[in-house]
1. Counting Lys and Arg as +1 and Asp and Glu as -1, what is the net charge of the other residues whose Cβ lies under 10 Å from the Cβ of residue 518?
2. In Å, the Kirkwood hydrodynamic radius of segment 156-297 over pairs of distinct alpha carbons?
3. Using only Cα atoms and rounding to the nearest 10 degrees, what angle (0 to 90) does helix 388-399 make with the longest principal axis of the chain?
4. First select every other residue whose beta carbon is under 9 angstrom from the beta carbon of residue 235; then total the charges, Lys and Arg +1, Asp and Glu -1.
5. Provide the FRET efficiency to the nearest 0.05 for the residue 353-residue 464 pair, computing r from the beta carbons and using R0 = 41 Å.
6. Leaving out ligands, DNA and RNA but keeping every protein chain, what accessible area does residue 388 have, in Å² rounded to the nearest 10, with a 1.4 Å probe?
7. Between residue 330 and residue 422, what's the calculated FRET efficiency when r is the beta-carbon distance and R0 is 60 Å? Round to 0.05.
8. Could you quote the convex hull projected area for segment 6-127, Cα atoms only and averaged over all directions, in nm²?
Amino acid sequence: MEDVKRTVLRWALANAAEHGGKASPKAVLGKILAELPGWKSRIAELSIIVDQIVDEVNRMGPEEQQFQIKKVGLPEKKAAERRGLPDLPDLQEYGTVVTRFAPNPNGPLHIGHIRAALLSHEYARRYKGRFILRFEDTNPENAMLEMYEFIKRDLRWLGLSWDEEYYQSDRVDIYYSHAEDLIKNGKAYVCACDVANFRKLRDSGKPCPCRDLPASENLARWRKMLAGGYEEGAAVVRIKTDLSHLNPAVRDWPALRIVKRPHPRVGSKYFVWPLYNFSAGIDDHLMGITHIIRGKEHEVNEERQRFMYRHFGWRYPTAVQYGRLSMPGVELSKTQTMQMIRSGSLSGFDDVRLATIAALRRRGFLPDTIRQMIFDIGLTPVDSSLSWETLYAYNRKVLDPIAGRYFFVARPAKLLVRGAPKLKEVRLRLHPSRPELGERVLPLGTENGDMVFYISGEDAKDLKVGDIFRLKDLMNVRLEKPGPVLEASFQSLEVMDVLKFQWVSAGAVELEVIKPDATVETGLAEPSVAALKVGDIVQLERYGFVRIDSTAPKLTAVYAHR
């Protein structure tokens, strides 16, 4: 129901924007029924919702309507109208567009994180602006030293470059200075209340005993915090907001707290650390960020930060928020991922069962695939569910024109063919429609006058005596005898409308393929596969796309998809 109300609100705001601030319930209802035809059977209920929301929008002033548009967005244009990513709002209000990506180095990036990175980078480059990389590493308890370079490697692989780079752990004195300014001016205070008692007061809209202490007392407490006079959890700096705010989470939110654990970059230099909303809010202003592109789960954070901005007399950047992106059946939480790696349930950040950028790279997904998919999803405020099948389709479209073709047979079954022409080798194109890529050579072996082949166990198990099938790109044969070793007779070389099986013969090499569930399938590949390098992505015909994972001590590939 909340998604329906949000859709109604977007259409009401769009209609009001087109008609001098006054939306038409009838027009909005028509748009909703076109977008959500399933509600036609509940039109009476929908009409009540539309009337209520249109009335609320029509009672808003122009500034409030614009604020709501920035908050929830407008309805998406049809694909034919969209023609790529839409323009950012408020461009006329800024000289230069400045965007940022601000990862927390507490774990690897996954496909959900890089949406903000790719969109922010794309818009900065579109408008010839600046793109900033800022590590939000003000929690010594989860910052991981190896993640800084790990994240930068992922971003570079995706094709991102940045104009400026910052580490919040280097900027703590800046946050201290701003905290002290707020305390001096009575806009923040040091709270020494028990957390549970504070929450009871906050939830009932009442001030805690610390809130109205004189600024001199709060400054003394602040300096005591910096001097180490409080233990962890005994004191926190809070930003004064509105205790009657409808959302208790916005009321007097915490800005700085005590953490005694050493930081992986700066050691024990600091033990009073800013929380996300304080450090991010200050940096966005000081770094001149014009557009913050992020998920709509940050709506509450925006409300918190706006109170702080008003205290400082700053203008808040334009916030562009998109809907959540989820992958059913895939755990995208950094916390759970790290727990599983530490416990040994996962092999590492690039375990093939993950949706981390490292895992996608290892499986053979290309940067162009991920970029195009994210750009197509775009800035829609509607929550999106991304399936592996969708990701496969994008990657297949990129890989199919460029990936070389090779033969591989899983769980091989031996096949002897009698009466075949005495061929020593066959030359096949690396790509059926791109002769310029060259050829590969498949040697042919014999045994007691019969030609020797191996086909996949899956293909072999359903064959019956008399079945005619084609050894792909080579010859047609007829099964004469089933068994552990199949026996067949040569029929012809010309192409026939029969089942086609990939095969290998002399010089075949063992290949292990790691599947997406981390199981391993073993088989034989044509000799040319042994010359491939780690990182090469190829198509094993009738099997799927794979990326070469290692060449020693054994040849291993990771399965991407069909």
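The values are calculated or read from the model by the stated rules, or taken from the named source; none is laboratory data. Source: prediction; values computed, not measured. Please note: Cβ atoms are built from the backbone with ideal geometry, for glycine as well, and neighbour counts cover all protein chains shown. What goes into the accessible areas is simple: the full protein's heavy atoms, side chains included, and nothing from ligands, DNA or RNA. Shrake-Rupley method; radii C 1.70, N 1.55, O 1.52, S 1.80 Å.
1. Cβ neighbours under 10 Å give a net charge of 0.
2. 16.6
3. That helix lies at roughly 60 degrees to the long axis.
4. My count for the surroundings of residue 235 gives +2.
5. The formula returns an efficiency of 0.60 here.
6. Approximately 50 Å² for this residue.
7. On the way: r = 53 Å, r/R0 = 0.88.
The formula returns an efficiency of 0.70 here.
8. That works out to 10.3 nm², a quarter of the Cα hull's surface.
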